[in-house]
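The values are calculated or read from the model by the stated rules, or taken from the named source; none is laboratory data. Just so you know, these numbers come straight off a predicted model, no measurement behind them. Don't worry about glycine lacking a Cβ; one is built from the backbone with ideal geometry, like all the others, and counts go over all protein chains shown. Side chains are part of the model used for accessible areas, which takes the heavy atoms of the whole protein and leaves out ligands, DNA and RNA. Shrake-Rupley method; radii C 1.70, N 1.55, O 1.52, S 1.80 Å.
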Amino acid sequence: MLNSSQAYKTLQVEGNAKFEEVKYAYRKLALQYHPDKNRDSKSEKRFKTITEAYHFLKNQNKHTARQKPE
């Protein structure tokens, strides 16, 4: 299980990055490590880690957005 700092590090973005930056980094890395595009034996595991980090931060962003007062 990842924590926030590990997720940001996995996606190679700063800890204070906006969610749009996180999304851009995820898409870039996902294309690079996708098993259909990269036949390296480690790429599938790396792709899964990248995806897990993105979904962790995505869920965290949704949770934070709900708590903001209007």
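Here are a few things to note about the model shown:
- Evaluating Ser5 against the criteria (1) open to solvent by less than 90 Å² (accessible area, probe 1.4 Å); (2) in contact with a helix residue (DSSP H, G or I) (Cβ under 9 Å, 6 or more places away or on another chain) leaves one unmet condition, (2).
- For the range 12-44, taking the residues that are more than 12 Å from Lys58 (Cα to Cα) and among the hydroxyl-bearing types (Ser, Thr, Tyr), the one that is least open to solvent (accessible area, probe 1.4 Å) is identified as Ser43.
- Filtered by the rule that a residue be over 20 Å from Glu14 (Cα atoms) and either outside any helix (DSSP H, G or I) or aromatic (Phe, Trp, Tyr) (or both), the range 32-56 gives Tyr33, His34, Pro35, Asp36, Lys37, Asn38, Arg39, Asp40, Ser41, Lys42.
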